[in-house]
Structures are given as structure tokens and as C-alpha cells.
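Please read the structure below before turning to the comments.
The values are calculated or read from the model by the stated rules, or taken from the named source; none is laboratory data. All of these numbers come straight from a predicted model, not from anything done at the bench. Cβ atoms come from the backbone with ideal geometry, glycine included; neighbour counts cover every protein chain shown. Accessible surface is based on the protein model in full, side chains and every heavy atom, while ligands, DNA and RNA are left aside. Shrake-Rupley method; radii C 1.70, N 1.55, O 1.52, S 1.80 Å.
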Amino acid sequence: MEALQNLLKLCAEKKYAIGCGFLTLITLGSQQLFSPIVFQCPCNEHNLMYGFIFLLAPAVILTILGYFLSSRTWKFFTGCCLNPVKMCPNGNRCQGLRVFVQLTRKALIVPVIWISIALLHGSFYACAMSGWQNPNYIQYLCKYKSEQCQKQLYKVTCNRTAMPGNETQEVVLLLHAQSQVIGWCLIAILASLALLCACCSRCRSNLNSVQTVFWKMYLNKEQEKFDELAQEYATKLAERNLRSFFENKDPDEFKLPNNKAWEKISALYTFNPDYQYYSTLHRFVEHGDNDRVQEVIMDFADEQT
């Protein structure tokens, strides 16, 4: 039992890393299942378009889903048409842009994994580039090959050319090698950028490492307790309204936060060392509707965690 509790505690502490690993496995599995069943290179003049659509279109869809499924997206955009100042407080567009970049960075994790795995697999790239009608590139692929290579390059991935079998295999292997090199370079560059961004974020953090751990714990507990109490109050409110309806009587008094309070605690937030509030809810409880600490809004509380 103790070992299970330790395992659950570890999963809770490392849920972001575990989540990324889980998404990687799902993306890898779906890509391996998706390719042989759906992808069939046409081996004609449409190779380029067909291959890159299969490479990039799922990434675009996954990016849209990343935005759509993120609660941060709706915190950022909800009500912004009625109150544009919410996105750019005090006219500071750079701050709003910074938050949008953070949203985009999170939404691009799974699409980048998809593209990287697809490039390492090589089929989409090989199909696309075999149909690229660039004389220099065709000459490069068909160097030291028979004349049929340049005329029937788009058929190599289907193995339907008049070229000798060994030449067809060499071209396909070269295309796959190019795809895998690009894939590994993409992974290396993005991993380096991720490390650089994490280091810059930590260097600019207002919190030390111990306080960051506490902040993360507080956020998790606050969300956990919020869900519990929200469900409890929603149940009580529903029961009160139903009793009033079925018993045909005036409803009992039931106090809930007003719309302004909901708006306050729904805002994005960053830690401010002058006040040391760990969330918008914490700030609201301490200050209520006082706007003198409004400048701390417009960031993600877990950006440093």
C-alpha cells in the first residue's frame, strides 16, 4: 500500500513529464497505425502535395485541438471581445503577446511530436520529395543512375519504375535517409530551444526553487478543493431549485459569488513578490475587488513550475 501511495505521489509530482511521454506514445502508435492503412502514395505528379498534406495536415489538426482542449486558451480569450483590455492590460500588447506565445508553445508539443515521428518513419517525405519537379534536386537523386531515373522518379516509392531494382532501392533509401536526418535535426533543435526557454524562464523567475515547489503544490490543492466545493455547491443549488419547483414555494436564500468575483478569479495570473499571492483566487480573497494589484494578472501561474 505504501509503495502504491509513493507511486501515485510520484505521478502527481511528475504529471507534466508523464503526460508528455504518454502523448508521445499515443502519437507514435497512431502514426504507425495511420500510415499503412490510410497512406497510399499516388506515384504521379501529385506526390508532392499528397505527401506534405499527410505530413502537415494532422499537425495542424493537433495544434487546433491543443488550443481547443486547453483551459488556458479560454481563460485568455473568454470575454476579450467585450473587454479587450483583458488581453492587453494598460495597453501593454507585449504582455498579451507573451501569453499567446505561451499558449502556442504548449499547443505545439503534440504536433511537433507527430512531425518528428513521421519524418523518422520517412514514408510521407519520400512520397512528397519524389514528386518535386526541381531539376537540380532530381539530378542529385539520380546521380550515376540510368536515364529512366529522371523520367520516372515519382514512381520509385511504388517500385513501378523501369529502373534496375537496385537503383530504385538506392533512391528510396536516400529519400528515407534525408527524412530521418531532418527529423533528428528537428528534434535536436526543438529540445535545445525547450532547454533554453526553461533556463531563461527560471533565470527570470521571482521565486526560488523551494518556493516554486510550494507554489505548484498550492495550485494543485487549490484546484482539487475548488472542484470538490464547486460540485458540492452546485449540488446544493440544484437541490434547492428543484425543491422550490416541486414544492411550489419560494426558494431559500443561497449566496454565491457575483459575476465580478467570478471574473476576478478567472483571470490569468503571475506571481508578484510584492504581494506573494499564489493565485487569482488567493489575491481576491485577500483584496476582494481592489484593483491596485491588477498588474499581476495576465500570465500563467504554472509557467515557472
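Some values worked out for this structure:
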| item | result |
| --- | --- |
| Extreme residue, nearest to SER279 (Cα to Cα), among residues of the stretch 224-248 that are open to solvent by 90 Å² or more (accessible area, probe 1.4 Å) and of a type in the set (Phe, Trp, Tyr) | TYR233 |
| Residue check for GLY122: crowded, with 18+ Cβ neighbours inside 10 Å and within 22 Å of GLY66 (Cβ to Cβ) | no |
| Residues within the stretch 63-79 that are more than 26 Å from ILE115 (Cβ to Cβ) and either assigned to a loop (DSSP other than H, G, I, E, B) or modelled with pLDDT under 75 (or both), tallied | 2 |
| Number of the exception - GLN102 against (1) more than 21 Å from TRP184 (Cβ to Cβ); (2) modelled with pLDDT of 80 or more; (3) surrounded by fewer than 18 Cβ atoms within 10 Å (Cβ to Cβ) | (3) |
| Matching residues in the stretch 164-203 - criterion: being surrounded by 17 or more Cβ atoms within 10 Å (Cβ to Cβ) and over 20 Å from ASN136 (Cα atoms) | GLY183, ILE187 |
| LEU82 vs. criteria modelled with pLDDT under 75, at negative phi and surrounded by fewer than 18 Cβ atoms within 10 Å (Cβ to Cβ) | yes |
| Close pairs (7 angstrom Cβ cut-off, 6 or more residues apart or separate chains): within 18 Å of ARG240 (Cβ to Cβ) in the stretch 250-267, hydroxyl-bearing (Ser, Thr, Tyr) anywhere | ASP250/SER244; PRO251/SER244 |
| Flag for THR161 being surrounded by 13 or more Cβ atoms within 10 Å (Cβ to Cβ), assigned to a loop (DSSP other than H, G, I, E, B), β-branched (Val, Ile, Thr) and more than 36 Å from the chain's Cα centre (by Cα) | yes |
